[in-house]
Amino acid sequence: MDSLRAELQNDLRSQYEQEFKIMLRQSQSEGEAKISQLEEKVDSLQRQLLEGGIENSVLKQRCDTLYHTNSMILQRQFDEEAKVVQLEQDIKSLQKSFDETQRKANYLEVVHKNQQWEYPHNIPTMDELSSLGFNHDDSEFIIDQIIEIKEITTEMRMGKKIYRMDPGDGFMPNYDGYRPHYYEFADALTEYQHIINFYEDEEFCFALGDTPLTRQMC
């Protein structure tokens, strides 16, 4: 009886051991399959990370290239703007030099042209004016005023700086003989603009007394 019990126990133990071994092998097999799956996922993630790293590297290179190109364009733009500013300054400087040269040339032309110039009109005498019906005071006033016109006209023709502030007193008599003197004065005044421009920082002033200009004199 005891031997039969021992034999049954041995059989049961052997059966349990076999079943346990089978279950252990199954468990090991399932674990190995899971490990294999995890390893494949790890490999897949590593490949993705590697590919992503390459793409990021290429993208970074492109960004660096674009940044460098943009910097070059901006620098070129700054250089061009600086050149434009410098050219504008050079133009202004050349324009100023040209204006100064032009003013000097016009001044020298006027002075040179009038080196041998002489006042072309005679000053009326007291007798001539008296014969026209002017009294002594009016005749003196006319003569003094024409002399003043002659002096200012001559100074303008010679390119001299003029500063006269005394127009004289009284009202000029209506005398047609003023006409050629004022024509001469007007011609000289036209040229004298070049003299005034040449002495641009100088002060010029002259005044004449009141003169009645008839239609024939204008």
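What is the residue count in segment 168-188 for residues that are at pLDDT 85 or above and of a type outside the set (Phe, Trp, Tyr)?
Within segment 168-188, the first condition is being at pLDDT 85 or above, and the residues that meet it are 175-188.
Those still in the list that are of a type outside the set (Phe, Trp, Tyr) too: 176-177, 179-181, 184, 186-188.
The number of residues fulfilling the criteria is 9.
Considering only residues that are open to solvent by 100 Å² or more (accessible area, probe 1.4 Å) and under 20 Å from residue 140 (Cα atoms), which ones fall in segment 110-127? Break it down stepwise before answering.
Within segment 110-127, the subset open to solvent by 100 Å² or more (accessible area, probe 1.4 Å) is 112-113, 115-116, 118, 122, 127.
122, 127 - these are the residues of segment 110-127 that are open to solvent by 100 Å² or more (accessible area, probe 1.4 Å) and under 20 Å from residue 140 (Cα atoms).
Filter segment 135-160 for residues that are surrounded by fewer than 17 Cβ atoms within 10 Å (Cβ to Cβ) and outside any helix (DSSP H, G or I) and give the result.
135, 158, 160 - these are the residues of segment 135-160 that are surrounded by fewer than 17 Cβ atoms within 10 Å (Cβ to Cβ) and outside any helix (DSSP H, G or I).
Sort out which residues of segment 93-134 are part of a loop (DSSP other than H, G, I, E, B) and among the hydrophobic types (A, V, I, L, M, F, W, C), and write them in order of number.
From segment 93-134, those part of a loop (DSSP other than H, G, I, E, B) are 114-125, 132-134; that's our starting set.
Of everything in segment 93-134, those that are part of a loop (DSSP other than H, G, I, E, B) and among the hydrophobic types (A, V, I, L, M, F, W, C) turn out to be 117, 123, 132, 134.
Conditions tested, residue by residue: (1) touching a Gly at 6+ places or on another chain (Cβ under 9 Å); (2) at pLDDT 75 or above; (3) among the aliphatic types (A, V, I, L, M); (4) open to solvent by 100 Å² or more (accessible area, probe 1.4 Å).
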{"residue": "65", "(1), (2), (3), (4)": "no, yes, no, no"}
{"residue": "70", "(1), (2), (3), (4)": "no, yes, no, no"}
{"residue": "81", "(1), (2), (3), (4)": "no, yes, no, no"}
{"residue": "84", "(1), (2), (3), (4)": "no, yes, yes, no"}
{"residue": "92", "(1), (2), (3), (4)": "no, yes, no, yes"}
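Residue check, residue 57 against (1) within 38 Å of the chain's Cα centre (by Cα); (2) free of Cβ contacts under 8 Å to residues at least 12 places away in the same chain; (3) open to solvent by less than 100 Å² (accessible area, probe 1.4 Å); (4) more than 30 Å from residue 146 (Cα to Cα), all met but one. Which one?
Here residue 57 clears every test but (1).
The values are calculated or read from the model by the stated rules, or taken from the named source; none is laboratory data. Please read all numbers here as calculations on a predicted model, not as lab measurements. All Cβ positions, glycine included, derive from the backbone under ideal geometry; neighbour counts span all protein chains shown. With ligands, DNA and RNA removed, areas are computed over all heavy atoms of the protein, side chains included. Shrake-Rupley method; radii C 1.70, N 1.55, O 1.52, S 1.80 Å.
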